[in-house]
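The values are calculated or read from the model by the stated rules, or taken from the named source; none is laboratory data. These figures come from a predicted structure and were not determined experimentally. FYI the Cβ positions are ideal-geometry reconstructions off the backbone, even for glycines, and counts take in every protein chain you see.
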Amino acid sequence: MIAVEDLSFTVNPGEIVGLLGPNGAGKTTTIRCVASLLQPTSGHVILNGHDVTDDPVAAKRALAFVPEVPNPYEMLTVMEHLRFVAAAYGTEEEMGSAEQILRRLDLWEKRFELGASLSKGMRQKLACACAFVHRAEVFCFDEPLIGLDPKGMRELKSMMVERREQGNAILISTHMLDTAERLCDRVIILNRGKLIEEGTVAELKERLSSSADSSLEDMFLALTEVIED
Amino acid sequence: MRAIALLSALKFKNSIRTLFSDPRKLVPLVILLCFAGLYMGLIAFGLNHASSTEAPGKGVLDPQIFAAIAFLLLVLVSAAAIDTGLGDSLLAFGMSDVDYVFPSPISRRVVLAYKLPSLTLYSASNGIFVLIMISILRLATRSPIKLGVNDHQPGWVSVLGLFLCIGTFMNLAMYISVRVPDRKNYHRVLTTLILLSLVGIGAVALRGGVEGVIAVANSSILRTLFEPANLAATILQHSQPFGPPLAYLALFYSASLIPMFATNANFYEQSIVSTERMGALRKAAKGGYASLLAANAAKYKHKSTKEYTLRPFGTGSTALFWAHLCAAAKKPMSNFFGPALIGLGAGTIVAVNLGSVPEAAYIVLPIIILYSAMLFLATAKTASENSIRRRELMSPLPIKAWHGVAANLGVPWIAVVLFCLGIVTPLAIAHNANWPIMVWAVLINFPIIVASRMVLQYITVLGYPDLADKVQQFLAMFMFQLFSMPLLIGEVILCVPGLLLKSGWVGSIGLLCFDIPALVILLTLAGKITEKAVATGEPVSLWATIRKRS
């Protein structure tokens, strides 16, 4: 079975790109290929100028990845997670920013708690904190907002925007179309492993001849239902 | 490497801290360490001295037969190690590793090195298992520890030799796991080859007797193919100075690490598949019955188009038993036909040996029975774990708790009975000496003894239900062994009259008088503990249940 086929896209520095699609469209597979967790059977993934197959270590040094369902180490505290990630990326000097990141994500009070004792939302926040604690150039988020409380969602979105302003490239897979519409500079819509549409929301409206007040959700449903039919 | 070392150190530090803050984990661990220390001390120092008074070759078992058995056992364990490499388990990491280590810029070689301690531990535990089997063989045959000329071999040499031998094959297995992405067919071929080899050895034993088996073990092809096993067997025999074989084994072990670390193959994808499969099952087990069913369905993808595998029958706990039977019938070979056929094969070997070399048969039968009991208990443990996680579904059902326990353990126990039927059929047909008592003991005593252990295991699983906690699982295993001791002691004492009167029937009836009430008591206890488990959903201690009852 082919999960993703003939997919080609670029995320530029200083850009947030949303990866959208119904369940089973291939979003997670795509993101996992970018994170070099899966090997594409053909083609290349270039991260910050490095091919993830040929030079995975250099490519991953530039990458921060947040999985869909984060599984923290049960026997590591919140702070120890950050310390390990900083050591893995060789950026221990960045640990100075750990307090600020944890405070913003409401994790500072829980910094000495073990991963096993964290709730689902807290685990998600911890994975995001680990992504922001090193000097990543490219961020890959797989459904990062699921399980977060409203304050956490807002804080995470604002952290993403800040990173965009600092010139980082951000790829987010999400089902939250209203968030994607407001947050992303461009969207890529996948269905059954194939790219069916790509561009800004305005470009999509123009191409699909949608009315000015139609939302990304309307266009998404129209596109994916046409394909289904 | 520094990051991985830091990760391991932090995990270890926190595990120890958690362990010391929980007396329920700490106390059994202290007892376990004392036992392990005592045992290792005996192996290292005590046994040699204890046995030094015995003359070489005094025991029932000829040193040549012992050497052949030791080598073949090691070949089997080595082949099983390679077989493991072709399966899923070696490449399974923790879900946390997939999320945090795999996407990080830590090289794949370092990630493999991170896996090495658990691989080493696995090899060491297998080595100790083989050593225990060999010790049992020596005790059962009253063979002296010193079978050869070398009187000064310390006990730790055998442990180290076995570890290096099994470790070599485990490292090769790991290399295969990393290098060969699609291993399913190779796995099937190797498993078939192992089974065929066993059948072949059985056939040789039938035709050529013990001499035939010795000839197989001495075949130069087999010795060359499994040179590390050959060296380890040499060490076990104490027949020559241990230095050279131990040095060669160390060389083999070091060499086996080279291909593993020389390859830079991307094993992450296969590893994620294995890890997610195990993680899903583990999570599902915690999440309850429906999610466990979903995870199992995703794993096996059964293609049956029939509504039911077996026609529904019974109400209450019988219906529950039917549900388990229905599930087991979807894999009839492993659940029903397999045990019966293995029993038949083992029974045939024993029946033939009873005719030609009765001493060997009296050794082989208990070994087969002991080993199969361990396998059946492992199956029953899985069944217990799955059943206990179905509390959410089970608690509203109008079934008496102990009936539920019996229904949950019914299917694994049927496999035991089928295995026993397989063993006794050739014995009954061959009409060898003492066959009625042997058939009776295998068909009646053994299933009841195993049933009581199964229920005991169910109780320990209730006490240590967290599958994700490896320390807890290790302690559960130990507590099971500890609580089995009184049963074993009782059984041994009740065998004494039979031994004194030289009557197997007296021994067997004595055992039944002990094991049947023990089984009833354990079932009742398991039921009580299950009721408590349903109410609280937390681990339940045996002590708490007994205290509440009184």
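Of note:
- The test for being within 14 Å of chain A (Cβ to nearest Cβ) and at pLDDT below 85 holds for B:L91.
- Among the conditions (1) acidic (D, E); (2) without any contact (Cβ under 8 Å) to a residue 12 or more places away in the chain; (3) more than 8 Å from every other protein chain (Cβ to nearest Cβ), A:E80 misses just one, which is (3).
- Qualifying residue in the range B:128-149 (condition: modelled with pLDDT of 85 or more and of a type outside the set (S, T, Y)): no
- A:P67 closer than 23 Å to A:E162 by Cα, within 10 Å of another protein chain (Cβ to nearest Cβ) and at pLDDT 90 or above: yes
- Residues in the range A:129-152 that are away from chain B (no Cβ under 12 Å) and either in contact with a Pro (Cβ under 6 Å, 6 or more places away or on another chain) or over 15 Å from A:A64 (Cα atoms) (or both): 8 in all.
- Filter result (surrounded by fewer than 23 Cβ atoms within 10 Å (Cβ to Cβ) and either in contact with a Phe, Trp or Tyr (Cβ under 9 Å, 6 or more places away or on another chain) or closer than 21 Å to B:A3 by Cα (or both)) within the range A:105-114: A:R111, A:F112, A:E113, A:L114
- The residues on offer are A:A58, A:A87, and the sole one that is more than 7 Å from chain B (Cβ to nearest Cβ) and not in a loop (DSSP other than H, G, I, E, B) is A:A58.
- Of all residues in the range B:464-490 being of a type in the set (G, A, S) and surrounded by fewer than 22 Cβ atoms within 10 Å (Cβ to Cβ), the one that is modelled with the lowest pLDDT: B:A468
- Filter result (closer than 14 Å to A:E74 by Cα and within 12 Å of another protein chain (Cβ to nearest Cβ)) within the range A:90-117: A:F112, A:E113, A:L114, A:G115, A:A116, A:S117
- Test: residue in the range B:58-80 that is crowded, with 17+ Cβ neighbours inside 10 Å, within 26 Å of the chain's Cα centre (by Cα) and modelled with pLDDT under 75: yes
- Checked against the criterion of being at pLDDT below 85, assigned to a helix (DSSP H, G or I) and under 27 Å from the mean Cα position of the chain (by Cα), the range B:534-549 contains one or more residues that satisfy it.
- Selection over the range B:102-111 of residues that are touching a helix residue (DSSP H, G or I) at 6+ places or on another chain (Cβ under 7 Å) and surrounded by fewer than 22 Cβ atoms within 10 Å (Cβ to Cβ) gives a count of 5.
- Filter result (of a type in the set (A, V, I, L, M), modelled with pLDDT of 85 or more and surrounded by fewer than 19 Cβ atoms within 10 Å (Cβ to Cβ)) within the range B:320-343: B:A340, B:L341
- Residue within the range A:29-37 that is over 25 Å from A:A180 (Cβ atoms), surrounded by fewer than 23 Cβ atoms within 10 Å (Cβ to Cβ) and out of contact with any His (no Cβ under 6 Å at 6 or more places or on another chain) present: no
- Within the option set B:S484, B:S508, B:S452, being among the hydroxyl-bearing types (S, T, Y) and touching a Lys or Arg at 6+ places or on another chain (Cβ under 7 Å) holds for one residue only, B:S484.
- Pairs where the first residue, in the range A:26-39, is more than 8 Å from chain B (Cβ to nearest Cβ) and under 14 Å from B:P105 (Cβ atoms) and the second is at pLDDT 90 or above and assigned to a loop (DSSP other than H, G, I, E, B), C-beta under 7 Å, 6+ apart: none
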